[in-house]
Structure formats: C-alpha cells, structure tokens
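For reference, the structure discussed in these notes is given below.
The values are calculated or read from the model by the stated rules, or taken from the named source; none is laboratory data. Worth saying up front: this structure is predicted, and the values here are computed from it rather than measured. Cβ placement follows ideal geometry from the backbone for every residue including glycine, while neighbour counts extend to all protein chains displayed. Heavy atoms of the whole protein, side chains included, go into the accessibility calculation; ligands, DNA and RNA do not. Shrake-Rupley method; radii C 1.70, N 1.55, O 1.52, S 1.80 Å.
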Amino acid sequence: MARPSWDDYFMNIAREVACRSTCNRAQVGAVIVKDKRILTTGYNGSPRGLAHCTEVGCLMENGHCVRTLHAEQNAIIQAALHGVSSKGATIYVTHQPCFLCAKMIINAGIVRIVYAKEYPDERSRKFLQEAGVALTTV
C-alpha cells in the first residue's frame, strides 16, 4: 500500500474543499496547515448571507467574477475569525494565488504555498519570492 505524501494528502483535501465553491467560473479550495494539522479551510464563494453565483450569476468585471471571495481569502479570514495564528503555516491551494491573495498570504505569515494549477500572474510570483514565501507545485 502506497501512502500519499503530506503534500498530496493536503492537496487532495483542498480539492475536496473546492467542491463547496459557489462560483460557476472556477472551483478553488484552500487548506492552511501547520505541523501537519489543518488550521482552516476556504473555498471561493460569496460573503456570508449574500446571494451566490450559483443563484444569481457571476458579477463580472474585467473578465473576473467579483461577487466571490477567493478560497485563500476565506481560509485566512476563518483563521482570524477564530483566533488561529497562520504564522509559519503552509497553504494548499488548487490554483496558484492571484496578486491580491499573494499579498494577504504574505501578511498572514504563511511561509509556503503548495498549488496544483498555474495562474498567469507574474506579479504574484515576484512578490511571494521577494517575501521569501516558497512556491511548490504538485
């Protein structure tokens, strides 16, 4: 029996979290992990109590849906809401973080990002590199 690596294990969980997404354009999941323990999860969806894309459609601006929060944002917000420190943690995300999420990840003290799908955002990569946040693809 072959056991998955820790990176594969947590990425598989991020993929499952993505199934809760309420945006039709992309299903993204995120899991924040420290010391091999899950701290929080997040998926892309509308703010609490507001209509979801699946109910009223996407709110598009410049080719992006702005109705939803990103999975990384929701995972970081959940940590803040429940008083859980993400300092020194790893975030597993089904897609490479965008520029805004990269800045939030840096300020949340997350030191490593593991992602599965590329997202064409060189500014994001540059900022993460300058901040010393490691990027790993699985």
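Taking the stretch 104-135 as the search range and keeping residues that are touching a helix residue (DSSP H, G or I) at 6+ places or on another chain (Cβ under 7 Å), in contact (Cβ under 8 Å) with a residue 24 or more places away in the chain and not in a helix (DSSP H, G or I), which one is farthest from I91 (Cα to Cα)? Give the derivation first.
We begin by selecting, within the stretch 104-135, every residue touching a helix residue (DSSP H, G or I) at 6+ places or on another chain (Cβ under 7 Å); these are 104-106, 108, 113-114, 116, 121, 123-124, 127-128, 131, 133, 135.
Those left that are additionally in contact (Cβ under 8 Å) with a residue 24 or more places away in the chain: 104-106, 108, 114, 116, 121, 123-124, 127-128, 131, 133, 135.
Applying the additional criterion that residues be not in a helix (DSSP H, G or I) yields 108, 114, 116, 121, 133, 135.
On the way: A108: 11, V114: 6, A116: 12, D121: 18, V133: 11, L135: 10 Å.
By that ranking, first place goes to D121.
Across the stretch 32-49, what is the number of residues that are in contact (Cβ under 8 Å) with a residue 12 or more places away in the chain and either open to solvent by 50 Å² or more (accessible area, probe 1.4 Å) or among the hydroxyl-bearing types (S, T, Y) (or both)? Full working, then the answer.
Within the stretch 32-49, the subset in contact (Cβ under 8 Å) with a residue 12 or more places away in the chain is 32-34, 36, 38-47.
Next, only the ones that are either open to solvent by 50 Å² or more (accessible area, probe 1.4 Å) or among the hydroxyl-bearing types (S, T, Y) (or both) stay: 34, 36, 38-41, 43, 46.
Adding up the residues that qualify gives 8.
Can you tell which of H70, H95, H82, H52 is more than 28 Å from P4 (Cα to Cα), in contact (Cβ under 8 Å) with a residue 40 or more places away in the chain and not small (G, A, S)?
Numbers: H70 fails: more than 28 Å from P4 (Cα to Cα); H95 fails: more than 28 Å from P4 (Cα to Cα); H52 fails: in contact (Cβ under 8 Å) with a residue 40 or more places away in the chain.
That would be H82, the only listed residue that is more than 28 Å from P4 (Cα to Cα), in contact (Cβ under 8 Å) with a residue 40 or more places away in the chain and not small (G, A, S).
Go through the stretch 89-121 and give me each residue that's in contact with a Cys (Cβ under 9 Å, 6 or more places away or on another chain) and open to solvent by 70 Å² or more (accessible area, probe 1.4 Å).
Once the filter is applied, which keeps residues that are in contact with a Cys (Cβ under 9 Å, 6 or more places away or on another chain) and open to solvent by 70 Å² or more (accessible area, probe 1.4 Å), the stretch 89-121 yields only Y119.
Could you say whether any residue in the stretch 79-88 is closer than 19 Å to K34 by Cα, touching a Gly at 6+ places or on another chain (Cβ under 8 Å) and among the charged types (D, E, K, R)? Break it down stepwise before answering.
We begin by selecting, within the stretch 79-88, every residue closer than 19 Å to K34 by Cα; these are 79-88.
From the residues that got through so far, the ones that are touching a Gly at 6+ places or on another chain (Cβ under 8 Å) too are 85-88.
When the remaining residues are screened for being among the charged types (D, E, K, R), the result is 87.
The answer is yes, given that some residue of the stretch 79-88 is closer than 19 Å to K34 by Cα, touching a Gly at 6+ places or on another chain (Cβ under 8 Å) and among the charged types (D, E, K, R).
Kindly establish whether V111 is touching a strand residue (DSSP E or B) at 6+ places or on another chain (Cβ under 9 Å) and within 19 Å of F10 (Cα to Cα).
Details: touching a strand residue (DSSP E or B) at 6+ places or on another chain (Cβ under 9 Å): yes; within 19 Å of F10 (Cα to Cα): yes.
For V111, the condition - touching a strand residue (DSSP E or B) at 6+ places or on another chain (Cβ under 9 Å) and within 19 Å of F10 (Cα to Cα) - is met.
Give the residues of the stretch 39-91 that are of a type in the set (A, V, I, L, M), touching a Leu at 6+ places or on another chain (Cβ under 7 Å) and at pLDDT below 95, sorted by residue number. Step through it out loud before you land on a result.
Applying the first criterion (of a type in the set (A, V, I, L, M)) to the stretch 39-91 yields 39, 50-51, 56, 59-60, 66, 69, 71, 75-77, 79-81, 84, 89, 91.
Those still in the list that are touching a Leu at 6+ places or on another chain (Cβ under 7 Å) too: 66, 79, 84, 89.
Selection gives V66 alone.
Mind listing whichever residues of the stretch 68-88 are outside any helix (DSSP H, G or I) and surrounded by fewer than 23 Cβ atoms within 10 Å (Cβ to Cβ)? Full working, then the answer.
Start the filter on the stretch 68-88 by keeping residues that are outside any helix (DSSP H, G or I), which leaves 68-70, 82-88.
Within the stretch 68-88, L69, H82, G83, V84, S85, K87, G88 meet the criteria.
Taking C19, is it over 12 Å from the mean Cα position of the chain (by Cα) and open to solvent by less than 80 Å² (accessible area, probe 1.4 Å)?
On the way: over 12 Å from the mean Cα position of the chain (by Cα): yes; open to solvent by less than 80 Å² (accessible area, probe 1.4 Å): no.
Spelling it out, it is not the case that C19 is over 12 Å from the mean Cα position of the chain (by Cα) and open to solvent by less than 80 Å² (accessible area, probe 1.4 Å).
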